[in-house]
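Presented below is the structure to which this report refers.
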Amino acid sequence: MNLVFLGPAGSGKGTQAKKLESAYGVTQISTGDLLREAVRDGTPLGQKAEPLMKQGKLVPDDLVIGIIEDRFLQGGLEQGVLLDGFPRTLPQAEALDSMFARNGLRLDKVLSLEVPSSILVDRVTGRRSCPKCGTVYHVSAAPPKVPDVCDLDGTALIQRSDDTAEKLANRLAVFDTEIPKVKRHYGARTLLAEVDGTGTPDEVFARIREALGG
Ligand code: AMP
């Protein structure tokens, strides 16, 4: 099964992606994670992407499409993919269509997680993550056992530099401009399922399962 996950920062894409990976065997491909890795490694791509990401702006389409193409070339995606954070613009969606066609793959569903912006602000500004293993926590909703320390490896947790209220406002504005076009693209092909992303992770996952037909 091949899926696309749409949803603004804080909509719970990352959390639900992990659940989908274990339930359906799909492999999550997150452009945000791949870009952050490139920034950490100081690659030429990372150097171009870093200032844009810090401001909550989109990285240019050709760079992001290139990352996804590279990931497809690496293979190991036989059980299906879950694209998280891609496509974010209409040209990216069109590039994805061609990539699927070239690889003889079919897109089964586009899941859009719908969450009011007041909830997004709380979720994103309270988010903390482990720079070593990537585990994500929330200061009140999913705190680590010891404040600011990763339960799994004892590393000090960090707040992503784009997870402040100000940067978030930017990211949501960009999302609101681009994503309606992406939704229309898939809506026209009746692939789109809008899922209520409020409530506990298990409640949201139950709705996703329903949207995927159980
Ligand atoms: P995310 O972790 O999905 O919130 O992504 C973090 C940042 O990476 C975004 O604010 C963008 O700067 C960049 N980014 C991630 N995915 C894309 C994409 N598909 N197109 C353009 N920029 C992206």
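The values are calculated or read from the model by the stated rules, or taken from the named source; none is laboratory data. The model shown is predicted, which means the values in this text are computed figures rather than measured ones. Positions of Cβ are generated from backbone atoms using ideal geometry, with glycine treated the same way; all protein chains shown enter the neighbour counts. Just so you know, the surface numbers come from the protein's heavy atoms only, side chains and all, with ligands and any DNA or RNA stripped out. Shrake-Rupley method; radii C 1.70, N 1.55, O 1.52, S 1.80 Å.
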**Complete:** Subtracting the Cα-Cα distance of D153 and K181 from 0.36 nm times their residue separation yields 5.9 nm
**Message:** Counting heavy atoms of the protein chains only and a 1.4 Å probe, report the per residue accessible area for the chain as a whole number of Å².
**Reply:** 50
**Request:** Return the ratio Rg/(2.2 N^0.38 Å) for the chain, where Rg is computed over Cα atoms only.
**Result:** 0.99
**Complete:** Karplus-derived 3J(HN,Hα) from phi for the range 95-112 (6.51 cos²θ - 1.76 cosθ + 1.60, θ = phi - 60°), whole Hz, x at Gly and Pro, runs 5, 5, 3, 5, 4, 4, 4, 4, 8, x, 9, 10, 8, 8, 7, 10, 9, 10
**Complete:** Note to self, the chain gives a 222 nm [θ] from helices alone (DSSP H runs n ≥ 4, -39500 (n - 2.57) apiece, / all residues, nearest 500) of -15500 deg cm²/dmol
**Prompt:** Once amide H atoms are built 1.01 Å from N in the peptide plane, which residues 5 or more positions from T155, or in another chain, come under 5 Å H to H?
**Reply:** C150
**Prompt:** What pairs from K54/K167; K48/K181; K19/K167 go past 19 Å between their alpha carbons?
**Reply:** K48/K181; K19/K167
**Request:** With r as the distance between the Cβ atoms of Q79 and D196 and R0 = 22 Å, compute the FRET efficiency 1/(1 + (r/R0)^6) and round to 0.05.
**Result:** 0.20
**Asked** Roughly how compact is the range 99-174, stated as its Cα Rg over 2.2 N^0.38 Å to two decimals?
**Response** 1.45
**Asked** What is the range 1-58's relative contact order, in percent, from Cα pairs under 8 angstrom and six or more apart in sequence?
**Response** 18
**Asked** So what J values fall out for the range 168-182 if you push phi through Karplus, 6.51 cos²θ - 1.76 cosθ + 1.60 with θ = phi - 60°, rounded to Hz, Gly and Pro as x?
**Response** 4, 4, 4, 5, 5, 5, 4, 4, 5, 7, 8, 5, x, 5, 5
**Request:** May I ask you to derive the relative contact order of the chain, considering only C-alpha pairs under 8 Å and at least 6 residues apart, and to give it as an integer percent?
**Result:** 29
**Fill in**
Output ordering of 53-63, 70-80, 12-22 (per-residue mean of other Cβ within 10 Å, highest first) is 12-22, 53-63, 70-80
**Asked** If you stretched the chain out fully between T164 and K19, how much longer would it get, using 0.36 nm times the residue separation minus the C-alpha to C-alpha distance?
**Response** 49.6 nm
**Message:** Suppose every Lys and Arg Cβ carries +1 and every Asp and Glu Cβ carries -1, with no other charges. What dipole size does the range 49-101 come out with about its Cα centre, to the nearest 20 debye?
**Reply:** 260
**Asked** Using θ = phi - 60° and the Karplus curve 6.51 cos²θ - 1.76 cosθ + 1.60, what whole-Hz ³J(HN,Hα) does each residue of the range 183-191 get, with Gly and Pro shown as x?
**Response** 5, 4, 4, 7, x, 5, 9, 6, 9
**Prompt:** Normalised by the number of residues in the range 138-214, what is the relative contact order in percent for Cα pairs under 8 Å and 6+ residues apart?
**Reply:** 11
**Request:** For the range 10-148, with all protein chains present and a 1.4 Å probe, just round the carbon and sulfur fraction of the accessible area to a whole percent.
**Result:** 53
